[in-house]
C-alpha cells in the first residue's frame with residue numbers, strides 16, 4: 001500500500017502536472033466581425049475590432065475539468081475569478097445581448113494562436129440560441145504541449161469564454 005502511494009506521487013511529480021501555471025498574459029485580441037461591440041456593463045471598457053485586453057481572468061475551465069455541456073452554468077464561478085458582466089451589440093439584433101466574458105491568461109505549456117491573442121467569433125447560430133432567456137456559450141481553445149508521461153493531447157484549454165443571453169440572467 002505504501003509503495004503504491006509513493007509510486008503514484010512520483011509519477012504525478014514527473015508528469016509535470018504539478019507545474020502547470022497560467023502565467024502568460026494575453027494582451028491583445030480581435031473581434032472577428034467589426035460590427036459586433038462588447039462593452040462592460042459598468043462602462044469601463046468597449047471592445048470592437050482589434051483591442052488590448054482590459055482585464056485578465058483566471059477561470060481555468062479546460063475540457064478535462066469541465067465538459068462543454070457543463071459550461072453553460074459555469075458563468076457564476078467565472079465571475080468569482082475575474083470574468084466581467086458585458087453587453088453585446090450584434091448586427092442581426094436591435095436589442096443588446098447580456099453576457100459574461102472571461103479573458104483568461106494562457107498556460108505556460110499552451111501552444112497555438114489562442115496563447116498569443118484572443119480571436120472572438122460569435123457565430124449566428126449561437127446568437128439565435130441565446131433567445132428567450134436561454135444561455136449560449138462560445139469560446140476559443142488551445143492545446144497543451146505533450147511532453148510529460150501523461151498524454152495531454154486531448155485536453156482543450158479555453159483562452160476566452162463568452163456566455164450570452166437576450167435576458168439579464170447573469171446576476
Failed criterion for residue 130 (all others in (1) crowded, with 19+ Cβ neighbours inside 10 Å; (2) farther than 25 Å from residue 64 by Cβ; (3) over 14 Å from the mean Cα position of the chain (by Cα); (4) touching a residue at least 60 places away in the same chain (Cβ under 8 Å) hold): (4)
Within the stretch 65-88, considering residues that are in contact with a strand residue (DSSP E or B) (Cβ under 6 Å, 6 or more places away or on another chain) and either free of Cβ contacts under 8 Å to residues at least 12 places away in the same chain or exposed (fewer than 15 other Cβ atoms within 10 Å of the Cβ) (or both), the one farthest from residue 125 (Cα to Cα): 81
Only listed residue being touching a helix residue (DSSP H, G or I) at 6+ places or on another chain (Cβ under 8 Å) and surrounded by fewer than 17 Cβ atoms within 10 Å (Cβ to Cβ), chosen from 161, 135, 149: 149
Enumeration of residues in the stretch 89-108 that are more than 11 Å from the chain's Cα centre (by Cα) and buried (at least 21 other Cβ atoms within 10 Å of the Cβ): 97, 98, 99, 107
Residue check for residue 124: out of contact with any helix residue (DSSP H, G or I) (no Cβ under 7 Å at 6 or more places or on another chain), touching a residue at least 24 places away in the same chain (Cβ under 8 Å) and surrounded by fewer than 17 Cβ atoms within 10 Å (Cβ to Cβ): yes
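Rule-based calculations on the coordinates, nothing more; no lab input. Note that this is a predicted model, so its numbers are computed, not measured. Here Cβ is always computed from backbone atoms with ideal geometry, including for glycine, and neighbour counts include all displayed protein chains.
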